[in-house]
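Participant: One structure, pasted below without further comment.
The values are calculated or read from the model by the stated rules, or taken from the named source; none is laboratory data. The shown structure was predicted, so the numbers you read here are calculated from the model rather than taken from an experiment. When we count neighbours, we look across all protein chains shown, and the Cβ atoms used for this are built from the backbone with ideal geometry, even at glycine. Areas reflect the complete protein model, heavy atoms only, side chains present, ligands, DNA and RNA absent. Shrake-Rupley method; radii C 1.70, N 1.55, O 1.52, S 1.80 Å.
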Amino acid sequence: MTPPPPLGRSRLGGGPTFDSALDDTELVTVRDELARGRWSEARRLLAETGDDWDLRGHRLIALAEVPAASAWGREWQLAEPDSADAAALLACAAVQRVVRRGGDAEHARGLCRTAARMVPRDPTPWLGLLVLAHAGATGDEPARCFDQVRARHPEHHHAHHLMAASLARHKADHDDPLHEVYDFAAWAAEQAPADSALAVLPVVAHAERFRALARSGALPRDPAASGHWTSRRARQVLKAAFDWWLEWDTDDTDDAADKEDAPAAPGVPAGTGGPLHPRRKVDLNYLAHAKLHEGRLAEAAALLIRIGPHVTREPWSYPDRDPKSAYRAARRAALGSR
């Protein structure tokens, strides 16, 4: 059988590719190997990832997106029946199949629970259950699955994003400034350490609330015309998140050509600070999207430069826009012809 082509990404010249691996280059290589049936590299990568739960979840979800991940995961499990990593990959692959193609949700749910029993302290199987619950594929309450993830890793980045998205959908028929998603995001950001990427969660919550309100008709579907990003609450959360980024950003390795030509924003960091987070580019996409619609183009430009080629579908697709077109328009607005 002819192996599939590599799953790697191109530069922005061909448009954003929305690669869930983000800037984890080792993950990109291993994912391509898994697509060819070489699961031993996935075994090595997950073993080396260890108990870094955010990184483990990020890598397992990306590996699970390989179309043949279930087949190769079963082969791995036949070779090593006691492998918790093989069980977790199988579970995540089943979850991805449900979310993307409407697979058997109960089967995926059972695989997640099996993986959870093999390593009770690992939040990743519960993350899989949270993905299913958020998608409405099972009868599980998202909050219950989230609590299980948080009990194992209080700062779990992906789980907090999913929970914010789930909460934001409640009571989407009118714009409530006291909505529970805002309290949740503020609480999570306050509980986290100073260098935690959860500092950007209030911005994520604001974006998720916009999607819910715009889809319901309570707000205009055009983010720029909605007024959602220029309210007093929006200004407060955006300033706090941008200030956090200025203090803690460490990433000065992306898209050197853009950096040479781009307009400078006052106070943009030179690239020193706290530890990198495996999903930090997700936060930068949310923050750049928000700054663009707030009308702060210099700050949006600085963030777009940091994003480089690592573009995410969300929130550029909100509420139901073509994310490629929306992102290209954002770059034109903030960076001009660069």
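Participant: Tell me yes or no: at least one residue of segment 174-186 is of a type in the set (D, E, K, R), in a loop (DSSP other than H, G, I, E, B), out of contact with any Gly (no Cβ under 7 Å at 6 or more places or on another chain) and open to solvent by 20 Å² or more (accessible area, probe 1.4 Å).
Facilitator: Step one: list which residues in segment 174-186 are of a type in the set (D, E, K, R), which gives 175-176, 180, 183.
This time we only want the ones that are in a loop (DSSP other than H, G, I, E, B), so: 175-176.
Then drop every residue that is not out of contact with any Gly (no Cβ under 7 Å at 6 or more places or on another chain), which leaves 175-176.
Then drop every residue that is not open to solvent by 20 Å² or more (accessible area, probe 1.4 Å), which leaves 175-176.
Yes, some residue in segment 174-186 is of a type in the set (D, E, K, R), in a loop (DSSP other than H, G, I, E, B), out of contact with any Gly (no Cβ under 7 Å at 6 or more places or on another chain) and open to solvent by 20 Å² or more (accessible area, probe 1.4 Å).
Participant: Moving on. Which of the residues spanning segment 308-338 are touching a Lys or Arg at 6+ places or on another chain (Cβ under 6 Å) and of a type outside the set (Ser, Thr, Tyr)?
Facilitator: Residues of segment 308-338 that are touching a Lys or Arg at 6+ places or on another chain (Cβ under 6 Å), as a first pass: 309-310, 318-319, 323.
Residues satisfying the conditions are PRO309, HIS310, PRO319, PRO323.
Participant: Out of the residues in segment 81-116 meeting the condition of being assigned to a helix (DSSP H, G or I) and among the polar types (S, T, N, Q), tell me which one is surrounded by the most Cβ atoms within 10 Å (Cβ to Cβ). If you could, list the steps in order and put the result at the bottom.
Facilitator: Just the residues of segment 81-116 that are assigned to a helix (DSSP H, G or I), to begin with: 84-101, 105-116.
This time we only want the ones that are among the polar types (S, T, N, Q), so: 96, 114.
Details: GLN96: 23, THR114: 15.
Within segment 81-116, the match that is surrounded by the most Cβ atoms within 10 Å (Cβ to Cβ) is GLN96.
Participant: Criterion first (surrounded by fewer than 17 Cβ atoms within 10 Å (Cβ to Cβ) and not aromatic (Phe, Trp, Tyr)) does GLU141 satisfy it?
Facilitator: Values: surrounded by fewer than 17 Cβ atoms within 10 Å (Cβ to Cβ): yes; not aromatic (Phe, Trp, Tyr): yes.
Yes: the conditions hold for GLU141.
Participant: Could you give me the residue pairs with C-beta distances under 9 Å whose first residue belongs to segment 99-114 and is of a type in the set (Val, Ile, Thr), whose second residue is not in a helix (DSSP H, G or I) wherever it lies, and which are 6+ apart or on separate chains?
Facilitator: Close Cβ pairs (under 9 Å, with a partner that is not in a helix (DSSP H, G or I)) amount to VAL99/ALA135; VAL99/ALA137.
Participant: Now a separate question. Could you grab me the full set of residues in segment 298-317 that are closer than 21 Å to LYS239 by Cβ and open to solvent by less than 10 Å² (accessible area, probe 1.4 Å)? It would help to see each step written out before you state the result.
Facilitator: Of segment 298-317, the ones closer than 21 Å to LYS239 by Cβ are 298-307, 315.
Correct list: ALA300, ALA301, ALA302, LEU303, LEU304, ILE307, PRO315.
Participant: Which of the residues spanning segment 264-277 are in contact with a helix residue (DSSP H, G or I) (Cβ under 6 Å, 6 or more places away or on another chain) and either open to solvent by 40 Å² or more (accessible area, probe 1.4 Å) or at pLDDT 95 or above (or both)? If you could, list the steps in order and put the result at the bottom.
Facilitator: If we filter segment 264-277 for residues that are in contact with a helix residue (DSSP H, G or I) (Cβ under 6 Å, 6 or more places away or on another chain), which is where we start, we get 265, 267-269, 273-274, 277.
Matches in segment 264-277: GLY267, VAL268, GLY273.
Participant: Just give me the residues in segment 285-297 being of a type outside the set (D, E, K, R), crowded, with 23+ Cβ neighbours inside 10 Å and closer than 17 Å to GLN236 by Cα, in sequence order. Walk me through it before giving the result.
Facilitator: Applying the first criterion (of a type outside the set (D, E, K, R)) to segment 285-297 yields 285-290, 292-293, 295, 297.
Checking which are crowded, with 23+ Cβ neighbours inside 10 Å leaves us with 285-290, 292-293.
Scanning segment 285-297 gives TYR286, LEU287, ALA288, HIS289, ALA290, LEU292, HIS293.
Participant: Can I ask one more? How about segment 58-92: which of its residues are of a type outside the set (Asp, Glu), closer than 18 Å to ARG117 by Cβ and within 22 Å of the chain's Cα centre (by Cα)?
Facilitator: Across segment 58-92, the qualifying residues are LEU60, ALA88, LEU89, LEU90, ALA91, CYS92.
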